[in-house]
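One structure below.
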Amino acid sequence: FPSHDSLYQATLSGTWYWKSTTTESDTEFYLIQTGNEVTGIHCSSFMSGSKLDCADSNGEDSITLYLVSENVYEGTIKSGFSEAIINVRLTLNPNDDTVYFKQLSQPSEEYYLPNHVHMTLAQP
């Protein structure tokens, strides 16, 4: 029997993207995992690019996540549109290189992120 981590280690490191099938909207997460912590930046384009919600250009991370159980990460995303803090969960499916992205809170401020979507790992 292969050990649990014999062939690969599931990681969120990489570029994850979601593209809407109905509207001109897309979101990308650029993530780096170090141990049980994941940091990174995001960029969303909604309404054909008229609404942009991207990390501040000052280089600060907009995404901070922690491993809470196997392949499940929880943390926050800071909106670049309104500075709203959204609690989120990403669930990694290492078998097909997708993550399921869910918002755990919906702040009252305006922000642009998808909810209940599957994101795909962009090939490097």
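The values are calculated or read from the model by the stated rules, or taken from the named source; none is laboratory data. None of the values given here were measured: they were computed from a predicted structure. Using ideal geometry, Cβ is built from the backbone for each residue, glycine included, and neighbour counts are taken over all protein chains shown. Just so you know, the surface numbers come from the protein's heavy atoms only, side chains and all, with ligands and any DNA or RNA stripped out. Shrake-Rupley method; radii C 1.70, N 1.55, O 1.52, S 1.80 Å.
Restricting attention to the range 43-84, the residues that are open to solvent by 40 Å² or more (accessible area, probe 1.4 Å) and assigned to a strand (DSSP E or B) add up to 11.
All of G49, G59 fail the test of being at pLDDT below 95, of a type outside the set (A, V, I, L, M) and closer than 20 Å to V117 by Cβ, apart from G49. Report the residue count in the range 8-42 for those that are of a type in the set (D, E) and assigned to a loop (DSSP other than H, G, I, E, B). Residues in the range 8-42 being of a type in the set (D, E) and assigned to a loop (DSSP other than H, G, I, E, B): 1 in total.
Could you look through the range 85-114, keep only residues that are hydroxyl-bearing (S, T, Y) and outside any loop (DSSP other than H, G, I, E, B), and pick out the one that is farthest from S48 (Cα to Cα)? Out of the qualifying residues, it is T91.
Residues satisfying the criterion are present in the range 93-111 (criterion: among the small types (G, A, S) and either without any contact (Cβ under 8 Å) to a residue 12 or more places away in the chain or open to solvent by 40 Å² or more (accessible area, probe 1.4 Å) (or both)). L121 passes every criterion in (1) modelled with pLDDT under 95; (2) open to solvent by 50 Å² or more (accessible area, probe 1.4 Å) apart from (2).
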